[in-house]
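Notes follow once the structure below has been shown.
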Amino acid sequence: MTDDQAFYYLKESVLAEGEEIQWTGRPAAGAAVAKGISNFLFGIFFFGFAVFWTVGASQGGLFALFGIPFMAVGAWMISAPVRTYIKANKSYYAVTNKRVIILTVGRSYTCVSIAPNEISDYERTDKPNGTGNIRLRKTIIHGRNGIQTSIDFTDGLWGVSDTKGAADAITALRT
């Protein structure tokens, strides 16, 4: 899918009436890969140990089969940078006058909308290569009387080439 097709879908199918785009961007795929590096490094250790254990356990016959799920988990962790790269190539970001939108295109469209009241704060990180990340803090309230028990840091704009523009649009959205 081209950028034009994705933004056409965004404008025609996602935006509400009266909603206007203030900023758009895409993750730089190479910059987004850094997000999966820690999983990759731990995955090498995990996979290596699982292989070592499985080979050692193979002397006991079928007992070695218990190592296969652990090798699969290690292989999944090692593949994190590749999976992140693929997802980055299919992701689009937009900040409107009503929300932040993270659109992922694949066999179907996945749209994550973050309303201004869900962003208690955000963290901006600029890197020397010109890209940066904006980590959105979505407050999640659990329990009675509106007592906040946790903050979820999962959503954000990763590997953005225009972090200042995105941050300015998010600041305007929150005011």
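The values are calculated or read from the model by the stated rules, or taken from the named source; none is laboratory data. What you see is a predicted model, and the numbers here were worked out from it, not measured in a lab. Each accessible area value is taken on the protein alone, full model and side chains, heavy atoms only, with ligands, DNA and RNA left out. Shrake-Rupley method; radii C 1.70, N 1.55, O 1.52, S 1.80 Å.
Annotations for the structure displayed:
- Within the accessible surface of the chain, defined with a 1.4 Å probe on protein heavy atoms only, the carbon and sulfur portion equals 59 percent.
- Degrees between helix 68-78 axis and first principal axis of the chain (Cα, 0 to 90, nearest 10): 40 degrees
- Cα-based equivalent ellipsoid of region 47-126: semi-axis lengths in Å, sorted from largest, via gyration tensor: 43, 14, 12
- Between GLY25, GLY156, GLY43, the residue with the greatest mean-square fluctuation in the GNM of the chain (Cα pairs under 10 Å linked by springs) is GLY43.
- Within straight-line cross-link reach of LYS87, aspartates and glutamates at Cα separation under 15 Å, skipping those fewer than 8 residues along the same chain: ASP3, ASP155
- Mean Cα-pair separation over length for the chain, i.e. relative contact order, pairs under 8 Å, 6 or more apart, %: 24 percent
- Taken along its three principal axes, the alpha carbon spread of the chain comes to 68, 47, 35 Å, from the longest extent down to the shortest.
- Taking a straight Cα-Cα cut-off under 15 Å and skipping sequence neighbours fewer than 8 places away in the same chain, the aspartates and glutamates within cross-link reach of LYS98 are GLU17, GLU19, GLU20, GLU118, ASP168.
- Crossing angle, helix 163-174 versus the chain [Cα axis fit, 0-90 degrees, rounded to tens]: 60 degrees
- Taking VAL51, VAL112, VAL95 in turn, the Gaussian network model of the chain (Cα-Cα springs below 10 Å) assigns the largest fluctuation to VAL51.
- Per-residue [θ]222 nm for the chain (sum of -39500 (n - 2.57) over DSSP H runs n ≥ 4, rounded to 500): -11500 deg cm²/dmol
- Net length gained if the chain between PHE7 and GLN59 were fully extended (0.36 nm per residue, minus Cα distance): 13.0 nm
- Mean-square fluctuations from a GNM of the chain, with a 10 angstrom spring cutoff on Cα atoms, peak among VAL82, VAL55, VAL160 at VAL55.
- Karplus-derived HN-Hα couplings along region 41-50 (A = 6.51, B = -1.76, C = 1.60, θ = phi - 60°), whole Hz, x at Gly and Pro: 5, 5, x, 4, 4, 4, 5, x, 5, 5
- Mean accessible surface per residue for the chain, computed with a 1.4 Å probe while every protein chain stays in place, in Å²: 60 Å²
- Averaging 1/r over each pair of different alpha-carbon atoms in region 30-82 and inverting the result gives 11.5 Å, the Kirkwood hydrodynamic radius.
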